[in-house]
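Data block below; observations after.
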DNA sequence: TTTATTCCCCAGTAGCTCAGTCGGTAGAGC
DNA sequence: GCTCTACCGACTGAGCTACTGGGGAATAAA
């Protein structure tokens, strides 16, 4: 289950992606638009900036904007920035690998071997889905529903 | 990331699967064998029994044993019993569906649409991996390593 | 150079979950 | 009826989640 933090991040990113020619938007406006607690959003955007997904400018006319085009912002990257490593067991984590104390032999541990499969599958799905997909899917769904309504009139 | 509870559960299940002709094993023995806090293991085994994966007998000669053959105990079922629903967003949960208050329109929410894909992929992977796979993979790895050692002598 | 604007950053907090622990109850077999 | 075993509810300390508050620092316009 993704945290609220991550969900807020996606809402913010979708909003930012909709901004005409990448114009910066203020934390305060974004917070109001998306109904996200301002201070919390501030922290989220900062994390995304440090993760290289957003860029910011201080002072008048400043704000946040995407640092990459939406089709290069993967769902996996966003989740990894906000939730940390997404390995299902500590011994599979690349960034902060910690071997499991319960494990007798890490190399032959069945749990690890099976979870590695899960991990690989999950990673590949999350790396192949992008912010652009999120937006496209949503738009497709909206127009599909609109057509249904139009026909039914 | 799976919790320690779930990892203990897999360790216990692997141990139980190795028991000759499904003989019951005591919580205390299992706890000692696998280095799991006894009281904690007690609760885990109880959950698995309620989930239909284990069966128990009280009194002398009692204990726990598998209620199903290892190839019918899926990794997904075990995780679901111990961690609860594995839906990535509350609005995708089948068992306790709660719509996300942030969401304007659930039907056209891009986050939901994309996460549904993730959810489906993850579910199908977890439902296709079983306790038998865990054991088999581990044994394969052990024999593979043993051969390497044999040849190197 | 002042001032308004905007992000940056640290510190704290209520409530919840995780990983257990304690103490007792109830059923099965001898 | 005694012993062995699983069953069950309540409790706890540490750490995490979802925030809130108070300033500080960079930037641009005046």
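Residues that are over 13 Å from the mean Cα position of the chain (by Cα): find the helices (runs of 4 or more DSSP H) completely inside the stretch B:22-86 holding 1 or more of those.
Numbers: elements: B:27-34, B:38-50, B:75-83.
Counting at least 1 such residues, we get B:27-34, B:38-50.
Could you pull out the residue among A:19, A:23, A:55 that is within 20 Å of residue A:132 (Cβ to Cβ), loosely packed, with under 14 Cβ neighbours inside 10 Å and touching a residue at least 12 places away in the same chain (Cβ under 8 Å)? Steps first, answer last, please.
Numbers: A:19 fails: loosely packed, with under 14 Cβ neighbours inside 10 Å; A:55 fails: loosely packed, with under 14 Cβ neighbours inside 10 Å.
That would be A:23, the only listed residue that is within 20 Å of residue A:132 (Cβ to Cβ), loosely packed, with under 14 Cβ neighbours inside 10 Å and touching a residue at least 12 places away in the same chain (Cβ under 8 Å).
Determine, yes or no, whether residue A:71 is under 24 Å from residue B:104 (Cα atoms) and within 14 Å of another protein chain (Cβ to nearest Cβ).
yes
Condition check ((1) touching a strand residue (DSSP E or B) at 6+ places or on another chain (Cβ under 6 Å); (2) more than 11 Å from DNA strand C (Cβ to nearest atom); (3) closer than 17 Å to residue B:129 by Cβ; (4) within 12 Å of chain A (Cβ to nearest Cβ)) across all residues:
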residue: B:4; (1), (2), (3), (4): no, no, no, yes
residue: B:28; (1), (2), (3), (4): no, yes, no, no
residue: B:35; (1), (2), (3), (4): no, no, no, yes
residue: B:49; (1), (2), (3), (4): yes, yes, no, no
residue: B:64; (1), (2), (3), (4): yes, yes, no, no
residue: B:75; (1), (2), (3), (4): no, yes, yes, yes
residue: B:81; (1), (2), (3), (4): no, yes, yes, no
residue: B:84; (1), (2), (3), (4): no, no, no, yes
residue: B:87; (1), (2), (3), (4): no, yes, no, yes
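For the stretch B:89-101, which positions are more than 22 Å from residue A:37 (Cα to Cα) and surrounded by 19 or more Cβ atoms within 10 Å (Cβ to Cβ)? Talk me through it step by step, then tell me what you get.
Just the residues of the stretch B:89-101 that are more than 22 Å from residue A:37 (Cα to Cα), to begin with: B:92-97.
Listed by number, the list holds a single entry, B:92.
Search the stretch A:113-138 for residues being more than 9 Å from every other protein chain (Cβ to nearest Cβ) and closer than 21 Å to residue B:14 by Cβ, and hand back the single one that is surrounded by the fewest Cβ atoms within 10 Å (Cβ to Cβ).
A:116
Would you mind finding the one in A:41, A:45 that is in contact (Cβ under 8 Å) with a residue 12 or more places away in the chain, surrounded by 15 or more Cβ atoms within 10 Å (Cβ to Cβ), at negative phi and more than 11 Å from DNA strand D (Cβ to nearest atom)?
Step by step, each of A:41, A:45 is checked, and only A:45 is in contact (Cβ under 8 Å) with a residue 12 or more places away in the chain, surrounded by 15 or more Cβ atoms within 10 Å (Cβ to Cβ), at negative phi and more than 11 Å from DNA strand D (Cβ to nearest atom).
Suppose the filter is farther than 26 Å from residue B:89 by Cβ, within 13 Å of DNA strand C (Cβ to nearest atom), within 14 Å of another protein chain (Cβ to nearest Cβ) and modelled with pLDDT under 95; does residue A:106 pass it? If you could, list the steps in order and put the result at the bottom.
On the way: farther than 26 Å from residue B:89 by Cβ: yes; within 13 Å of DNA strand C (Cβ to nearest atom): no; within 14 Å of another protein chain (Cβ to nearest Cβ): yes; modelled with pLDDT under 95: yes.
No, not satisfied.
The values are calculated or read from the model by the stated rules, or taken from the named source; none is laboratory data. All figures in this text were calculated on a predicted structure; none of them were measured in a lab. Ideal geometry is used to build each Cβ from the backbone, glycine not excepted, and the neighbour counts take in all protein chains shown.
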